[in-house]
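Comments concern the structure below.
No lab work stands behind these numbers, since they all come straight from the coordinates. This one's a predicted model, so the numbers in the text were calculated from it and none came from an experiment. Here the Cβ positions follow ideal geometry from the backbone for every residue, glycine too, while neighbour counts run over all protein chains shown.
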Amino acid sequence: MATNPMYQFQVHRIGPEIKIAGFDLSFTNASLFMLLSATAICVTLFLGTKEKNIIPDKLQLISEMFYNFIAKMINDTAGSKAKPYFPFIFSLFMFVLFCNMLGMIPYSFTVTSHIIVTLLMAIFIFIAVTIIGFLKHGFGYLKLFVPSGVPIVLLPLITVIEIISYLSRPVSLSVRLFANMMAGHTMLKVFGGFVISLGMLGGWLPLGFSVALTGLEILVAFLQAYVFAILTCIYLNDALNLHH
Amino acid sequence: MADFKDFKTRLKIAKEKLKKHSNNLNNKENSSFMGSAFKLGTELVAAVAVGTIIGFILDNWFDTKPWLMIFFFFLGSVAGILNVIKVAKRMQEKD
């Protein structure tokens, strides 16, 4: 059972079954790890910002680094108009990052390796960005689908293509995170299985691979959180500063 | 107060060290390029998938199986390539 590389992705209930209006709302290991990462973020940032020293300690340094990193990223990609959305993007980045990183601990559960989690976040971003776009520009936001300088004959075709390209945003955003996390964790488990099945004689090579892959996975965990956040910024930029 | 002065000189030294390293720090941007590289693949696939799904739904509405799905598959592919070009252009602008 545990040697199955996909076993790690199974969601199972912890504690009693809770059913409200026909929906299964039981507390699962997925909920547990979401809660854990949210708590970890709160604790890190709370302890990090409690004492404001000139010479920061490690936690303060980390908190300030995260803050600066996201603030700079938003400023670079979406401009100063995107400042009001900093709290949202910061929480998004921290949540994805901590979920990814907690997933790297052996025997833990990676929340972001489930498409339902990432798709929900992506659809939320997609709808929010669309609403922001319409609020800021009214029906002028539809100009996003009509690039300038296109011959009138091609316009209907181009518009349909642009709409498909717009609709593909949440899909690419969510699939990227989910696929990267799931593929990485499956691969780690498969190589781990090789170590056991090849034993003392041949197990050293896959063990080396496992170590290297763990390093790569930590990089990917950070990178995917970064990409998720920066793409949100880029979409926000499209909605705030309409230019074509 | 002596402590503070000590801190100032240490800050100065640290800043100078940072300046020396700033050339090496450019390597940091490689990670964001790697992120862009990850981005390109899914961008292409997602648009094709979305196009095909739209075609499938429209087919069910208008009872024109499988023509609209085929048509929208190609439109989706075009949209995917367009997405990749957009991302690549954005990457070039950064340089």
(message) Can you tell me which of (1) touching a Ser or Thr at 6+ places or on another chain (Cβ under 6 Å); (2) farther than 19 Å from A:C233 by Cβ; (3) not polar (S, T, N, Q) is the one A:I125 doesn't meet?
(response) (2)
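Check A:A225, A:A221, A:A239 and return the single one that is buried (at least 19 other Cβ atoms within 10 Å of the Cβ), away from chain B (no Cβ under 13 Å) and touching a residue at least 40 places away in the same chain (Cβ under 8 Å). Show your work before the answer.
Numbers: A:A225 fails: away from chain B (no Cβ under 13 Å); A:A221 fails: away from chain B (no Cβ under 13 Å).
Result of the check over A:A225, A:A221, A:A239: A:A239.
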(request) Inspect the stretch A:198-215 for any residue being closer than 16 Å to A:Q8 by Cα, part of a helix (DSSP H, G or I), within 14 Å of another protein chain (Cβ to nearest Cβ) and not β-branched (V, I, T) and give the result as yes or no. (result) no
(request) Among what's in the stretch A:154-169 and is part of a helix (DSSP H, G or I) and hydrophobic (A, V, I, L, M, F, W, C), pick the residue that is surrounded by the most Cβ atoms within 10 Å (Cβ to Cβ). (result) A:I164
(message) Step by step: first the residues of the stretch A:32-56, then only those that are touching a Phe, Trp or Tyr at 6+ places or on another chain (Cβ under 8 Å) and in a loop (DSSP other than H, G, I, E, B), then the one that is surrounded by the fewest Cβ atoms within 10 Å (Cβ to Cβ). Which residue is that?
(response) A:I54
(message) Suppose we filter the stretch B:41-65 for residues that are surrounded by fewer than 21 Cβ atoms within 10 Å (Cβ to Cβ) and without any contact (Cβ under 8 Å) to a residue 12 or more places away in the chain; how many remain?
(response) 10
(message) Restricting to the stretch B:78-95, count the residues that are more than 10 Å from chain A (Cβ to nearest Cβ) and over 14 Å from the mean Cα position of the chain (by Cα).
(response) 1
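Could you list, in sequence order, all residues of the stretch A:131-141 that are surrounded by 13 or more Cβ atoms within 10 Å (Cβ to Cβ) and either in contact (Cβ under 8 Å) with a residue 40 or more places away in the chain or farther than 15 Å from A:N237 by Cα (or both)? Before you say what the answer is, go through the steps one by one.
Filtering the stretch A:131-141 down to residues surrounded by 13 or more Cβ atoms within 10 Å (Cβ to Cβ) leaves A:132-134, A:136-137, A:141.
Within the stretch A:131-141, A:I132, A:G133, A:K136, A:H137, A:Y141 qualify.
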(message) I want to confirm something. Restricting to the stretch A:176-194 and keeping residues that are within 26 Å of the chain's Cα centre (by Cα) and surrounded by fewer than 20 Cβ atoms within 10 Å (Cβ to Cβ), which single residue is nearest to the other protein chains (Cβ to nearest Cβ)?
(response) A:A179
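Quick grid of which residues meet (1) of a type in the set (S, T, Y); (2) loosely packed, with under 13 Cβ neighbours inside 10 Å; (3) touching a residue at least 60 places away in the same chain (Cβ under 8 Å); (4) more than 14 Å from chain B (Cβ to nearest Cβ):
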site	(1), (2), (3), (4)
A:M104	no, no, yes, yes
A:V111	no, no, yes, yes
A:T118	yes, no, yes, no
A:I125	no, no, yes, yes
A:V129	no, no, yes, yes
A:L144	no, no, yes, no
A:S148	yes, yes, yes, yes
A:I152	no, yes, no, yes
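Quick check on A:L97: is it assigned to a helix (DSSP H, G or I) and more than 13 Å from chain B (Cβ to nearest Cβ)?
Judged against the criteria, A:L97 is a match.
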